[in-house]
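Contents: one structure, followed by commentary.
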Amino acid sequence: MSARKRKTRHDDGETGYNFAYLDEQTKRMIRRCILKAVAVPGYQVPFGSREMPLPYGWGTGGIQVTASIIGRNDMLKVIDQGSDDTTNAVSIRAFFAKTADVATTEETSKASVIQTRHRIPERKLRADQILVYQVPIPEPLRFLEPRETECRKVHAYSEYGVMQVKLYEDIARYGRITTAYAYPVRVDDRYIMDPSPIPKFDNPKMDNSPALQLFGAGREKRIYAIPPYTTVHSLDFEDHPFDVETWDEPCGLCGATDSFLDEIILDDQGGRMFACSDSNFCTARRADGHTGQFAEDPIEESRKGEPAHV
Amino acid sequence: MSDDDVLLQVDGVCKNFGEIRACDNVSFELWPGEVLGIVGESGSGKTTLLNCLAGRTEPDSGLISYTNRRGEASDIFAMFEPERRMLARTDWGFVHQNPRDGLRLDITAGGNIGERLMMVGARHYGNIRGEAETWMNRVELELGRIDSLPRTFSGGMQQRLQIARNLVSGPRLIFMDEPTGGLDVSVQARLLDLLRELVRELNVAVVIVTHDLAVARLLSDRLMVMRHGAVVESGLTDQVLDDPQHAYSQLLVSSILQV
Ligand SMILES: Nc1ncnc2c1ncn2[C@@H]1O[C@H](COP(=O)(O)OP(=O)(O)OP(=O)(O)O)[C@@H](O)[C@H]1O
Ligand SMILES: [Mg+2]
Ligand SMILES: [Zn+2]
């Protein structure tokens, strides 16, 4: 967690930027879109996406949402693939530390706003937290229907059988539903939504979450939301029910058996281990005394025997 | 479903494209299980009329009324769009001349057939697959191709697939626009036989557009001859083809006989 610094007190302080970069009028426009998105769970609200000092693909949608909701007393956490210290996460955190002068943290439990790319934190979120997703492609129907006007009708009239065709194709070709990321969900029994490229492992966390979940797509200019305590159902078939990834071994560092694991190559001799993708979750567990097979010296331990893997 | 009710009531349908009168005051009735052929030269308005009937193009004036399974007749353009779209994927079917317009080319044959079932709520993969297999068989497509993409199919196979994809929902009314148009003569003949069998067996009503009078003779009970957007003659197929009354029908029939 970085120390709270209060260099500037005025909006147009030494940075020359308005608080949180966006001008107040833009923020109000985005907030109106967010309110609409919250009022109609899972519905994609078009918004006037602004040019940001980052290229598309770097989370410009999420950044604009965060910029519009963040206040001086917020505590911001930014993750990319579960980690706080990848380039994308570091850049966005630095961006807000600079333009909004907000305090930042890596601890999920301490954050009031969490901007994320590709993961939902393992630790259960609370009602006083907001999760902001960076979304590359907001339209879940894009794969089947390239025409925008037709997509809108399909949503408007709930003609969602076509989404099932995509899952049918998976099973027909591979024997099971192979969609592992951006797994489509139905929100509040109404709109079908693309949850952004999180692993399907995270889908159940969206369901009935106490935290407000906001989704921002910069390039495609869409905002959507899951209000707190909303039903989120992952699409499936009766005879091929939705399920999440499992691993044959626990996290090599903290021993967790209930978190999303990344495979980590340890050396060029086949040494490998699985470790929590949520680095803060893993660190916190280790600080609490939990330990995994590779906790001491991953490379040394890996040479003693190949761990079983999926 | 009641066989006493007229299925489709068409009254004074007009559709212009700028100066062109593509449909000019077309009226007719279609009864359950009946096959109506629409013939006429290129540009006479056959496709435009078909698109109007199927709810795909709104006429400038006139009424198209469909009687649903509960016996309730309603103006298809007065109903809410989602209701019309629902009819279009359950009660009705549309077989395009070019299968590319009627198939999802990036979806397997089985997925193409299963789509309508999933659209009305089927959520059991095994059952959907079973139905797809049944329809592959019925349209004489090799079962081994159920997981192939339609783009790897021949034109005739694509047309069979398009037919299966429509019939799977048990429609009461199918619109066909030159369904054998782009096919080789030998392939055409087999497809026509298949169509005739299916239509009889399922007792589905059909409006089929063609400019091939042989196709019209083989499939349709009744025939409408169109020219410049208007119906110039209509009647039982054999009557119209063997004893055309209107000069234009006579010309049409004789020009075919000369070939
Ligand atoms: N979308 C459109 N815009 C403008 N004109 C159109 C349009 N569709 C059809 N037309 C015109 O309306 C008339 C009827 O066309 P239509 O396609 O219905 O004829 P058709 O009988 O199906 O001909 P074909 O046998 O060649 O398919 C033609 O003059 C055509 O050029
Ligand atoms: Mg035509
Ligand atoms: Zn761990």
>> Quick check on my filter: what residues within the stretch A:141-153 are open to solvent by 10 Å² or more (accessible area, probe 1.4 Å) and closer than 26 Å to A:R176 by Cα?
In response: A:R142, A:F143, A:L144, A:E145, A:P146
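Residues checked against (1) within 14 Å of another protein chain (Cβ to nearest Cβ); (2) closer than 28 Å to B:V225 by Cα; (3) more than 16 Å from ligand 2 (Cβ to nearest atom):
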{"residue": "B:T47", "(1), (2), (3)": "no, yes, no"}
{"residue": "B:T67", "(1), (2), (3)": "no, yes, yes"}
{"residue": "B:S74", "(1), (2), (3)": "no, yes, yes"}
{"residue": "B:D101", "(1), (2), (3)": "yes, yes, no"}
{"residue": "B:R104", "(1), (2), (3)": "yes, no, yes"}
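Results for (1) within 16 Å of A:K200 (Cβ to Cβ); (2) crowded, with 21+ Cβ neighbours inside 10 Å; (3) within 16 Å of ligand 2 (Cβ to nearest atom), shown as yes or no for each residue.
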site	(1), (2), (3)
A:H240	yes, no, no
A:D243	yes, no, no
A:E249	no, no, no
A:G252	no, yes, no
A:Q269	no, no, no
A:R286	no, no, no
> Looking at B:L49, B:L63, which one is modelled with pLDDT of 95 or more and open to solvent by less than 40 Å² (accessible area, probe 1.4 Å)?
Replying inline: B:L49
> What residue, among those in the stretch B:69-99 that are in contact with a helix residue (DSSP H, G or I) (Cβ under 7 Å, 6 or more places away or on another chain) and part of a loop (DSSP other than H, G, I, E, B), is least open to solvent (accessible area, probe 1.4 Å)?
Replying inline: B:I76
> Do we have A:A94 as at pLDDT 95 or above and small (G, A, S) here?
Replying inline: no
> How many residues, within the stretch B:106-131, are among the small types (G, A, S) and more than 9 Å from chain A (Cβ to nearest Cβ)?
Replying inline: 2
> If you take just the strands (runs of 3 or more DSSP E) that sit entirely in the stretch B:198-250, which of them hold at least 2 residues that are open to solvent by 20 Å² or more (accessible area, probe 1.4 Å)?
Replying inline: B:222-227, B:230-236
> Does at least one position in the stretch B:3-20 carry a residue that is within 16 Å of ligand 2 (Cβ to nearest atom), within 16 Å of the chain's Cα centre (by Cα) and open to solvent by 20 Å² or more (accessible area, probe 1.4 Å)?
Replying inline: no
> Among the residues of the stretch B:100-148, which ones are closer than 19 Å to A:Y174 by Cα and surrounded by fewer than 17 Cβ atoms within 10 Å (Cβ to Cβ)?
Replying inline: B:L105, B:D106, B:H124, B:G126, B:N127, B:G130, B:E133, B:L143, B:G144, B:D147, B:S148
>> Out of B:I163, B:I174, B:I107, I need the residue that is in a helix (DSSP H, G or I), touching a residue at least 24 places away in the same chain (Cβ under 8 Å) and of a type in the set (V, I, T). Which one?
In response: B:I163
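With the requirement that a residue be touching a residue at least 24 places away in the same chain (Cβ under 8 Å) and within 14 Å of another protein chain (Cβ to nearest Cβ), what does the stretch B:143-158 give you? Give the derivation first.
Taking the stretch B:143-158 first, the residues touching a residue at least 24 places away in the same chain (Cβ under 8 Å) are B:145-151, B:153-156, B:158.
Once the filter is applied, which keeps residues that are touching a residue at least 24 places away in the same chain (Cβ under 8 Å) and within 14 Å of another protein chain (Cβ to nearest Cβ), the stretch B:143-158 yields B:R145, B:I146, B:D147, B:S148, B:L149, B:P150.
The values are calculated or read from the model by the stated rules, or taken from the named source; none is laboratory data. Note that this is a predicted model, so its numbers are computed, not measured. Using ideal geometry, Cβ is built from the backbone for each residue, glycine included, and neighbour counts are taken over all protein chains shown. Keep in mind that these areas ignore ligands, DNA and RNA; they rest on the heavy atoms of the full protein, side chains included. Shrake-Rupley method; radii C 1.70, N 1.55, O 1.52, S 1.80 Å.
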